[in-house]
Amino acid sequence: MSVTDSMYQQIILDHYKHPNNRGELSQFDAEVHHVNPTCGDEVTLRVRLADGEIAELGWVGEGCSISQASTSVMSDLVVGSSVSDALELQEKFLQLMQSQGHPDLSEEEIDALDDAIAFEGVSQYPARVKCALLGWMAMKSAVAEATASAESRSASTQAGE
Amino acid sequence: MFDVEVIRKDFPILSRHVHGVPLVYLDSANTSQKPQAVLDTLNDYYVNHNANVARAVHTLGSEATLLFEQARDKVAAFINAPRREEVVFTKNSSEALNLVAYSLSNASTTPGAERFRVGPGDNIVVTEMEHHSNLVPWQLLAQRTGAEFRYIPIDEQGRLVDSAIDERVDEHTKVLAFVHQSNALGTVNDVARLVGRAKAVGALTVIDASQSAPHRPLDVQALGADFVAFTGHKLYGPTGVGVLWGRYELLAAMPPFLGGGEMIETVDMSGTTFAAPPHRFEAGTPMIAEAIGLGAAIDYLTAIGMDNVQAHEAELTTYALQELMKVPDLKIIGPESPLDRGATISFTIKGIHPHDVSQLLDEFGIAVRAGHHCARPVCVRYGIAATTRASFGIYTTTAEIDALVAGVIKVQEMFG
Ligand SMILES: Cc1ncc(COP(=O)(O)O)c(C=O)c1O
């Protein structure tokens, strides 16, 4: 098979070998731990929000290259973006993964997905889709938790005033 | 004369291409491919003879019944069963093993079945290398009855720890269930040793022969166990059919597992009496075409000769172990010596997840399995999440093993 058809695009291998944003944040608003029983993949992810943005995201994990590379790509894309943009991107990536190899994305959406588009080939392998989604799902729940705890903090400070 | 190139021509699927390259199918331990003779038999049955068995007096019904019962004769001869009535058709190995476990369970409440009862103070023993199909049914039986569930551990080389056999199997052991050839490690267990110990303490013995039946001559009398289970789809036959062989004297005294049509002697609203084995354990319309197809697979294997199959695969195993062990950072999980070992080789590669290995090999046209192979305790034992597993069959060639080794090296280069 030709290299361009491979599920293992060079971008994926590069991120697997040299992952970004790997490490534990010392200051964070939420921490989540997600596992994918198919491959035994694991990701522990922390986020810190500031002014409605994902100010920092750090993750550690182990498992197959698809799960680890996808988490690295995701982290590059969402750090510094607003929470709503990050969640919107997560939705697009989910759509891509559920497309079974036939994504219906606009030029604009493809642009937004950036390096994450390299995972398109994974969508043809239902057993591996969970691997690619692992970090994205972790990010989504971490952001939800951080947002909820920020809201309850501000609610309690307001109540205290 | 065993000629693998001639054999390959009997398996139409082997000429398939995947991802634009010729298929190298190294997943026969998962399921085997089917020879044309089996496919033709299935087709001929439905085209010319289809009817229900044992119920219809018309011509088609008689033909179907005859073909189905002839398949039983073929199985009986294949495993050297003393009596054809000892061959029970099930849907697969899992059902065959559950049949025994549930029959023992039903013995708790069946008058006259006291000798099959299992309860508090008794124990049930399996091994650490069991497929979940020969582990979970016994774990469940222990939970239902209050018996203790035990296992014989494995060592670094994937062999049973011999000294543990006499310790774990004791005078309170009611059942010893073990795999003949491990699907995860390739290990072939010492049946005489295990059955000998079980007999000495009066325990029933159950052998899971799912991975041995396709690869070596199987003689239930020589094995000496009470029950032997295997599955048709790994034996070059169709899915949906398996076999439980049991000693007639035991089957004739055991309570049924499933109730329904065909398994009764007479039914009254006040109670039912049961048919003699094997029909007692074959409730409902059986897998008629599949059993007949399995008979065709057995004819095919018998014509080749199981001794020849074993010799061919021993050669492949020796060659594959030798070649794989030359690959740097590749670790065999299971025996590294071809002695007492089957043609199923699990391995790990440093720094590369087994799912990545198998996915990439697939892109090169090579089908292997990755995962815990339904024997999760084996992975737990070795502290790994999964292995990559290559398994061979009658149609496997040394050129395919070369392709595997080259594929593995290519994967290492991509990840290096
Ligand atoms: C050793 C062993 N036992 C039992 C089974 C279960 O066979 P089946 O799924 O056909 O019931 C398998 C295969 O999956 C096996 O390899």
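The values are calculated or read from the model by the stated rules, or taken from the named source; none is laboratory data. In this text, all values refer to a predicted model and were calculated from it rather than measured experimentally. With ideal geometry, Cβ positions are generated from the backbone for all residues, glycine too; neighbour counts draw on all protein chains shown.
Just a few scattered comments:
Conditions (1) within 14 Å of the ligand (Cβ to nearest atom); (2) small (G, A, S); (3) under 22 Å from the mean Cα position of the chain (by Cα), marked per residue:
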position	(1), (2), (3)
B:G232	yes, yes, yes
B:F274	no, no, no
B:E282	no, no, yes
B:A296	no, yes, yes
B:D299	no, no, yes
B:T302	no, no, yes
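- Candidates B:E336, B:E323: the one that is in a helix (DSSP H, G or I) and away from chain A (no Cβ under 14 Å) is B:E323.
- Counting only helices (runs of 4 or more DSSP H) that fall entirely inside the stretch B:158-223 and contain at least 3 residues that are among the charged types (D, E, K, R), the qualifying elements are B:162-168, B:191-201.
- Check on B:I352, within 14 Å of another protein chain (Cβ to nearest Cβ), touching a residue at least 60 places away in the same chain (Cβ under 8 Å), closer than 30 Å to B:I304 by Cβ and buried (at least 21 other Cβ atoms within 10 Å of the Cβ): no
- Remark: pairs (first residue in the stretch B:298-319, over 24 Å from B:L404 (Cβ atoms); second residue in a helix (DSSP H, G or I) and small (G, A, S); Cβ separation under 6 Å; 6+ apart in sequence or on different chains) = B:Y300/B:A37.
- Residue within the stretch B:10-17 that is over 22 Å from the mean Cα position of the chain (by Cα) and surrounded by 14 or more Cβ atoms within 10 Å (Cβ to Cβ) present: yes
- Single condition A:V83 does not satisfy, out of (1) modelled with pLDDT of 95 or more; (2) under 17 Å from A:H15 (Cα atoms); (3) of a type in the set (V, I, T): (2)
- Boolean, B:V408 is modelled with pLDDT of 95 or more and of a type outside the set (K, R): yes
- Restricting attention to the stretch B:236-250, the residues that are more than 10 Å from the ligand (Cβ to nearest atom) and surrounded by 24 or more Cβ atoms within 10 Å (Cβ to Cβ) total 6.
- Candidates B:F347, B:F392 - the one that is within 16 Å of the ligand (Cβ to nearest atom) and away from every other protein chain (no Cβ under 14 Å): B:F392
- Of the strands (runs of 3 or more DSSP E) contained entirely in the stretch A:1-94, those carrying at least 3 residues that are more than 14 Å from chain B (Cβ to nearest Cβ) and farther than 14 Å from A:G135 by Cα fall at A:41-50, A:53-62.
- Taking the criterion of being within 16 Å of the ligand (Cβ to nearest atom) and part of a loop (DSSP other than H, G, I, E, B), the residues of the stretch B:17-57 that qualify are B:L26, B:S28, B:A29, B:N30, B:T31, B:S32, B:Q33, B:K34.
- Criterion violated by B:I345 - all others in (1) assigned to a helix (DSSP H, G or I); (2) in contact with a Ser or Thr (Cβ under 8 Å, 6 or more places away or on another chain) satisfied: (1)
- Selection within the stretch B:358-388 - among the charged types (D, E, K, R), within 16 Å of the ligand (Cβ to nearest atom) and within 11 Å of chain A (Cβ to nearest Cβ): B:R376
- Flag if B:R16 is at pLDDT 95 or above and not assigned by TED's automatic domain parsing to the domain that holds B:A291: yes
- Unique match (being under 23 Å from the mean Cα position of the chain (by Cα), surrounded by fewer than 18 Cβ atoms within 10 Å (Cβ to Cβ) and closer than 26 Å to B:T231 by Cβ) among B:V179, B:V136, B:V125, B:V161: B:V136
- Entry remark, the stretch B:74-121: residues being of a type in the set (D, E, K, R) and either within 16 Å of the ligand (Cβ to nearest atom) or not assigned by TED's automatic domain parsing to the domain that holds B:L204 (or both) number 2 in total.
- Of the candidates B:I154, B:I124, B:I165, the single residue that is within 15 Å of the ligand (Cβ to nearest atom) and in contact with a helix residue (DSSP H, G or I) (Cβ under 9 Å, 6 or more places away or on another chain) is B:I154.
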